[in-house]
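Colleague: Okay, here's the structure, questions in a sec.
The values are calculated or read from the model by the stated rules, or taken from the named source; none is laboratory data. Every value quoted in this text rests on a predicted model; they were computed, and no experiment measured them. Cβ placement follows ideal geometry from the backbone for every residue including glycine, while neighbour counts extend to all protein chains displayed.
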Amino acid sequence: MADVVHEAELALRQVPPVEAVTARPPRNFQIVPLRGLPVVAVILAGLVATIATNQLWAIDFFHVVGGGMWTALDLFLGFVIGPILGRLSIPARTEFTTRFMPKMVLIMPTLVICTLAAGWQLARHLGTIDASYSHHGWVVASVIVVAVMAVIALGVLEPANIAVLFELNKPQPNGEIIGRLMRRFIFTAGITGAMQVATLVIMTRIATT
Amino acid sequence: MTTDANDTTPVFGSTQHRGDGSAPPTLNRRLPPIAELAVASVALMLSGGVYLAAHLPRHPPLAPAVGLLAGGGALTIAAMVLLSRLRPFAWGTFFLVARWALLAYVVIAGILGFVFVFDHTRGATLAVLILTLVVFALDVPTIIAFTVARYNEAGPTKDTATH
């Protein structure tokens, strides 16, 4: 955990001075990729159908696949992409951001809602959400971890992501604003990545004890 | 929320180089803690959800959950009041982002609400959960839209932006 924070701080310190660099963001990028919306709609319709039919396998599928991808993406973003992004040149960072971040605007909320809705239903189905469940404390701990991550992600990370995309979409993006928002993004991505480790510990404890 | 860059040549970082050396006004401007209030409200909403979830399937005393809901609702109202008093502000950008974000979070809150109804949550507990989701679905778009709009130059007034 200390290494992770150190890595994030190192990346932040190595962010090149944006004032000194001139870069051109690619034109005509979409903040919300419209082509992805039908895919999201199909996934959400599948989620609702799964919950409505209450089939254990399908509920488990949505929870495990959604949760696994959410955790992996958070860890990868926080500990691999984030530090790399912090050390890239401004043109490279701009190029990467305008191609990567719009996809995240669709992917992350979809994964989160699939994981949480299916997870809740799965817990009801298996009885693990009941106060009488022997490892109820671990289940409550996982809900608390998710709640803290949600506050960070919804309150800081996602708004910063969208604000960066809006700034990059301007005729004359302001490097100082982007630098400030990107620091916030990289730091909070590191925190949520670290919290996902706690989720992994809790989920494997519940599954094996 | 699909916005395309226009045809002018974009030059990243150029807006900071002002002749008088001053920073852009959007960076220097001090704004009320609107995002902070909304984030605190989200935290209270999630705390209420955790509290109710921790007591299932029993019907827990609703007073703590109602207290958290009332507190969160009050923070949201305070944020909205502070927001409505902002002059000048990039209201066009704010409402552009807010309406799409609201649509997204209404869908998310709707799916969560569907799960609670499907699981036969009824009565006062369901009412508290639904109201919690409503406040949550208002808070998040407010945070996102405010964060985006605060870094935009003030455009038309709120009245003209909404019509």
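Colleague: Condition check: out of contact with any strand residue (DSSP E or B) (no Cβ under 8 Å at 6 or more places or on another chain), more than 11 Å from every other protein chain (Cβ to nearest Cβ), within 24 Å of B:VAL148 (Cβ to Cβ) and without any contact (Cβ under 8 Å) to a residue 24 or more places away in the chain. Does B:ILE77 satisfy that? Don't jump to the end; show me each part of the working.
Modeller: Numbers: out of contact with any strand residue (DSSP E or B) (no Cβ under 8 Å at 6 or more places or on another chain): yes; more than 11 Å from every other protein chain (Cβ to nearest Cβ): yes; within 24 Å of B:VAL148 (Cβ to Cβ): yes; without any contact (Cβ under 8 Å) to a residue 24 or more places away in the chain: yes.
Yes, satisfied.
Colleague: If you don't mind, there's one more thing I want to ask. With the checklist (1) more than 12 Å from chain B (Cβ to nearest Cβ); (2) surrounded by fewer than 23 Cβ atoms within 10 Å (Cβ to Cβ) in hand, flag the one item A:LEU122 doesn't pass.
Modeller: (1)
Colleague: Can you tell me which residue is surrounded by the fewest Cβ atoms within 10 Å (Cβ to Cβ) among those in region A:62-84 that are under 21 Å from A:VAL40 (Cβ atoms) and of a type in the set (Gly, Ala, Ser)?
Modeller: Within region A:62-84, the first condition is being under 21 Å from A:VAL40 (Cβ atoms), and the residues that meet it are A:62-74, A:76-77.
Still in the running and of a type in the set (Gly, Ala, Ser): A:66-68, A:72.
Values: A:GLY66: 22, A:GLY67: 22, A:GLY68: 14, A:ALA72: 12.
Result: A:ALA72.
Colleague: A follow-up question, please. Would a scan of region B:54-63 turn up a residue that is assigned to a helix (DSSP H, G or I) and either over 30 Å from A:SER134 (Cβ atoms) or more than 14 Å from chain A (Cβ to nearest Cβ) (or both)? First the steps, then the outcome.
Modeller: Residues of region B:54-63 that are assigned to a helix (DSSP H, G or I), as a first pass: B:54-55, B:63.
Of the ones still in play, those that are also either over 30 Å from A:SER134 (Cβ atoms) or more than 14 Å from chain A (Cβ to nearest Cβ) (or both) are B:63.
Among the residues of region B:54-63, at least one is assigned to a helix (DSSP H, G or I) and either over 30 Å from A:SER134 (Cβ atoms) or more than 14 Å from chain A (Cβ to nearest Cβ) (or both), which makes the answer yes.
Colleague: Cβ-Cβ below 9 Å, separation at least six or inter-chain, first residue in region B:110-123 and within 13 Å of A:ARG124 (Cβ to Cβ), second of a type in the set (D, E, K, R): which pairs?
Modeller: Note: pairs meeting the criteria are B:VAL115/A:ARG124; B:ASP119/A:ARG124.
Colleague: Of everything in region A:85-107, what is more than 15 Å from A:VAL164 (Cβ to Cβ) and in contact with a helix residue (DSSP H, G or I) (Cβ under 8 Å, 6 or more places away or on another chain)? Give them in sequence order.
Modeller: Result: A:ARG87, A:LEU106, A:ILE107.
Colleague: Within region B:86-102, does at least one residue satisfy the condition of being over 18 Å from B:LEU69 (Cα atoms), exposed (fewer than 15 other Cβ atoms within 10 Å of the Cβ), within 10 Å of chain A (Cβ to nearest Cβ) and in contact with a helix residue (DSSP H, G or I) (Cβ under 9 Å, 6 or more places away or on another chain)? Let's see the steps before the verdict.
Modeller: Taking region B:86-102 first, the residues over 18 Å from B:LEU69 (Cα atoms) are B:86-102.
So of that shortlist, the ones also exposed (fewer than 15 other Cβ atoms within 10 Å of the Cβ) come out as B:87-88, B:99.
Now restrict to residues that are within 10 Å of chain A (Cβ to nearest Cβ): none.
Taking every residue of region B:86-102 in turn, none turns out to be over 18 Å from B:LEU69 (Cα atoms), exposed (fewer than 15 other Cβ atoms within 10 Å of the Cβ), within 10 Å of chain A (Cβ to nearest Cβ) and in contact with a helix residue (DSSP H, G or I) (Cβ under 9 Å, 6 or more places away or on another chain).
Residues checked against (1) within 18 Å of B:ALA137 (Cα to Cα); (2) within 9 Å of chain B (Cβ to nearest Cβ); (3) not in a helix (DSSP H, G or I):
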position	(1), (2), (3)
A:MET101	no, no, no
A:VAL112	yes, yes, no
A:SER132	no, yes, yes
A:TRP138	no, no, no
A:VAL143	no, yes, no
A:ALA150	yes, yes, no
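Colleague: Suppose we filter A:ALA117, A:ALA163, A:ALA189 for residues that are part of a helix (DSSP H, G or I), at pLDDT below 90 and among the small types (Gly, Ala, Ser); which single one remains? First the steps, then the outcome.
Modeller: On the way: A:ALA117 fails: at pLDDT below 90; A:ALA163 fails: at pLDDT below 90.
None of the others qualify; the one that does is A:ALA189.
Colleague: Another question about this same structure. Where the second residue is acidic (Asp, Glu) and the first is assigned to a helix (DSSP H, G or I) and lies in region B:27-41, which pairs have Cβ atoms under 8 Å and are six or more apart or on separate chains?
Modeller: Within 8 Å, the pairs are B:LEU27/A:GLU176; B:ALA38/B:ASP139; B:VAL39/B:ASP139; B:SER41/B:ASP139.
Colleague: Since A:ALA92 meets every condition but one in (1) over 30 Å from B:GLY113 (Cα atoms); (2) within 13 Å of chain B (Cβ to nearest Cβ); (3) surrounded by 21 or more Cβ atoms within 10 Å (Cβ to Cβ), which condition does it not meet?
Modeller: Only one criterion is unmet by A:ALA92, namely (3).
Colleague: Looking at A:MET101 and the list (1) under 26 Å from B:ARG58 (Cβ atoms); (2) modelled with pLDDT under 90, which single condition is not satisfied?
Modeller: Result: A:MET101 passes all but (1).
Colleague: What number of residues in region A:166-186 are surrounded by 20 or more Cβ atoms within 10 Å (Cβ to Cβ) and part of a loop (DSSP other than H, G, I, E, B)?
Modeller: Selection size over region A:166-186: 4.
Colleague: Kindly list the number of the only condition in (1) more than 15 Å from the chain's Cα centre (by Cα); (2) of a type in the set (Phe, Trp, Tyr); (3) within 18 Å of A:GLN196 (Cα to Cα) that fails for A:PHE61.
Modeller: (3)
Colleague: Within region A:49-61, track down each residue that is within 13 Å of another protein chain (Cβ to nearest Cβ), surrounded by fewer than 16 Cβ atoms within 10 Å (Cβ to Cβ) and part of a helix (DSSP H, G or I).
Modeller: A:ALA49, A:ALA52, A:THR53
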